Amino acid sequence: MIPILLFTFEIVAPIFFLILIGSTLQKTDLVSDTFVRQSSNFVFNISLPALIFVKLSNVSIEETFDERLIVTSMIFAFVIFLISWGVSLFLTKAPEDKGSFIQGSFRSNFAIVGLAIILGMFGERSLGKAALLLAFIMPLYNVLAVIALTVPFHQERNIKLGGMVKDILKNPLIVAAIVSIMFSIFEIKIWSPIEKTMNYLGIIALPLALVGIGATLKMDRIIKASTLAFTSSFLKIVLFPALAILVGLMVGFNGAELGIFFILFATPTAIASFVMAEAMHCNSKLAGDIIAISTVLSIFTITIGLVVLKYFEYI
């Protein structure tokens, strides 16, 4: 048991050390809010798409396309969205609280924290499979987030479906996944200097993003957070990951496939949930509290989940 715990900790710890470094740099004013904002934009628009493109364009889609994993993940994401909504009916009254609570409970930071853990735990091949899964799950998260943040205000008629679809298709991560799949299917070779450049961009994507997450965290939020924030975080990093393990085993997942499925739903709440909550006039403080709590405590919950899966030789 001890060797398994140490192995898992060695995989998970560096990811959260980078987050801690970001938090420390922000407190010592070595990293400004402007730097964090600009670096986050760089990661989202340039570096992370480059990482996804490199990983998917160089692998066989037949090997990385896991229909069962993709379909099960999308169905389960929708189910936990409904569960989150159901719980919010008992705990929240104000519509601005309801939207932030629901979004914080189901929306994962899979693109950054998840991919980093998968790369360390399962290697390059599984990273390609996870990146392809991301291309399907991210649009679903975006659609469900908009529903959660608008329907409680009875604003569903103001949702412009065409605009939503356009925004999803313009998402740099989705564009990178689609283009890379075309390169893979038609076996298009990338000019070596371009490929190396994109590799360099991809290498810095996850570390820079993790430092940025740390720099945006306000640790005092955890002390002052409300019961709503802790409940939403409990759903996000404890209940739903546990259910994901049960569902994964029932479906027949094992090895890296089960690991990816678990990590998808075990990662902390996405930073984007705060941005969307603020933009759509929901409780952005609650959204920020959920991000802080789930990010810090997921260090332990993800480690425990991976240790259990590895101990029973499921992964």
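Structure notes:
- Among residues of segment 213-238 that are within 21 Å of PHE262 (Cα to Cα), those with a beta-carbon under 9 Å from a residue that is modelled with pLDDT under 95 and of a type in the set (Phe, Trp, Tyr) at least six positions away or on a different chain give the pairs ILE237/PHE300.
- Consider segment 1-32 and keep the residues that are exposed (fewer than 12 other Cβ atoms within 10 Å of the Cβ) and not in a helix (DSSP H, G or I). The one that is modelled with the lowest pLDDT is MET1.
- Segment 285-315, residues that are closer than 19 Å to GLY212 by Cα and either touching a Phe, Trp or Tyr at 6+ places or on another chain (Cβ under 6 Å) or β-branched (Val, Ile, Thr) (or both): ALA287, GLY288, ILE290, ILE291, ILE293, THR295, VAL296, ILE299
- Residues that are in a helix (DSSP H, G or I) and crowded, with 23+ Cβ neighbours inside 10 Å, drawn from segment 248-260: GLY248, GLY259, ILE260
- ILE263 being among the aliphatic types (A, V, I, L, M), buried (at least 21 other Cβ atoms within 10 Å of the Cβ), in a helix (DSSP H, G or I) and out of contact with any Gly (no Cβ under 6 Å at 6 or more places or on another chain): no
- Residue count for segment 273-288, restricted to those that are farther than 17 Å from THR231 by Cβ and not in a helix (DSSP H, G or I): 2
Quick grid of which residues meet (1) in contact with a strand residue (DSSP E or B) (Cβ under 8 Å, 6 or more places away or on another chain); (2) at pLDDT below 90; (3) polar (S, T, N, Q); (4) on the phi < 0 side of the Ramachandran plot:
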{"residue": "MET219", "(1), (2), (3), (4)": "no, yes, no, yes"}
{"residue": "PRO241", "(1), (2), (3), (4)": "no, no, no, yes"}
{"residue": "LEU264", "(1), (2), (3), (4)": "yes, no, no, yes"}
{"residue": "ALA270", "(1), (2), (3), (4)": "yes, no, no, yes"}
{"residue": "MET280", "(1), (2), (3), (4)": "no, yes, no, yes"}
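- Among the candidates PHE35, PHE110, PHE76, PHE81, the residue that is closer than 23 Å to ALA209 by Cα, of a type in the set (Phe, Trp, Tyr) and buried (at least 16 other Cβ atoms within 10 Å of the Cβ) is uniquely PHE110.
- For segment 215-244, a residue qualifies if it is aliphatic (A, V, I, L, M) and assigned to a helix (DSSP H, G or I), and the qualifying residues are ALA215, ILE222, ILE223, LEU228, ALA229, LEU235, ILE237, VAL238, LEU239, ALA242, LEU243, ALA244.
Matching residues to (1) assigned to a helix (DSSP H, G or I); (2) hydroxyl-bearing (Ser, Thr, Tyr):
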| position | (1), (2) |
| --- | --- |
| ILE178 | yes, no |
| SER184 | yes, yes |
| LYS189 | no, no |
| GLU195 | yes, no |
| ASN199 | yes, no |
| GLY202 | yes, no |
| LEU208 | yes, no |
| ILE213 | yes, no |
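- Flag if ILE223 is surrounded by 23 or more Cβ atoms within 10 Å (Cβ to Cβ) and among the β-branched types (Val, Ile, Thr): no
- Residue check, ILE245 out of contact with any Ser or Thr (no Cβ under 9 Å at 6 or more places or on another chain), farther than 16 Å from PHE110 by Cα, surrounded by fewer than 23 Cβ atoms within 10 Å (Cβ to Cβ) and touching a residue at least 12 places away in the same chain (Cβ under 8 Å): yes
- Looking across segment 46-58, the residues that are among the polar types (S, T, N, Q) and at pLDDT below 90 come down to SER57, ASN58.
- Residue match in segment 180-198 (condition: within 24 Å of PHE16 (Cβ to Cβ) and either touching a Ser or Thr at 6+ places or on another chain (Cβ under 6 Å) or at pLDDT below 90 (or both)): no
The values are calculated or read from the model by the stated rules, or taken from the named source; none is laboratory data. As the structure is a computational prediction, the values presented were derived from the model and not from experiment. Positions of Cβ are backbone-derived with ideal geometry, glycine not excepted, and every protein chain shown enters the neighbour counts.
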